[in-house]
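K.L.:
Let me give you the structure first, and then I'll get to my questions.
The values are calculated or read from the model by the stated rules, or taken from the named source; none is laboratory data. None of these values were measured; they are calculated from a predicted model. FYI the Cβ positions are ideal-geometry reconstructions off the backbone, even for glycines, and counts take in every protein chain you see. Just the protein is used for accessible areas: all its heavy atoms, side chains included, with ligands, DNA and RNA removed. Shrake-Rupley method; radii C 1.70, N 1.55, O 1.52, S 1.80 Å.
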Amino acid sequence: GRECTLRNGMESDGEAARANFILTHEQTDYLRTYPEENTMTAEQEGQFLKAKAESVNEVEILAEIGGGIVGMAGIDAVGDKDKIRHRAEFGISIDQEY
């Protein structure tokens, strides 16, 4: 019965996105990295989100419930060479509560 908004991440989401990354990576062993391997500061995370929002071929979507970030999903280009421009990596993480 809760409303979930999916939207592009923005620079101002840096701290909330970083906190969600750490939380979700603590909750499972099935993500690519351990929580302590994230060395980005909140400011760097904000810059990352800004770059994704401005990108023509990559995106970082945030899931928001009640004003808080509960999940993230991203599509990252594998490369820009002609033979692999169509390839991408997809990742998703959601707080176990949701």
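K.L.:
Given the conditions (1) over 17 Å from residue 92 (Cα atoms); (2) at pLDDT below 95; (3) open to solvent by 90 Å² or more (accessible area, probe 1.4 Å), which single one is not true for residue 30?
P.N.:
Failing condition for residue 30: (1).
K.L.:
Cβ-Cβ below 8 Å, separation at least six or inter-chain, first residue in the range 84-96 and over 16 Å from residue 26 (Cβ atoms), second β-branched (Val, Ile, Thr) and surrounded by 11 or more Cβ atoms within 10 Å (Cβ to Cβ): which pairs?
P.N.:
84/78; 87/78; 88/75; 88/78; 89/75; 89/78; 90/75
K.L.:
Next question. Looking at the structure I just gave you, is residue 89 open to solvent by less than 60 Å² (accessible area, probe 1.4 Å) and part of a strand (DSSP E or B)?
P.N.:
The answer is no for residue 89.
K.L.:
For the range 1-77, list the strands (runs of 3 or more DSSP E) that sit wholly inside it and hold at least 2 residues that are within 26 Å of residue 87 (Cα to Cα) and over 12 Å from the mean Cα position of the chain (by Cα); which are they?
P.N.:
Counting at least 2 such residues, we get no strands (runs of 3 or more DSSP E) at all.
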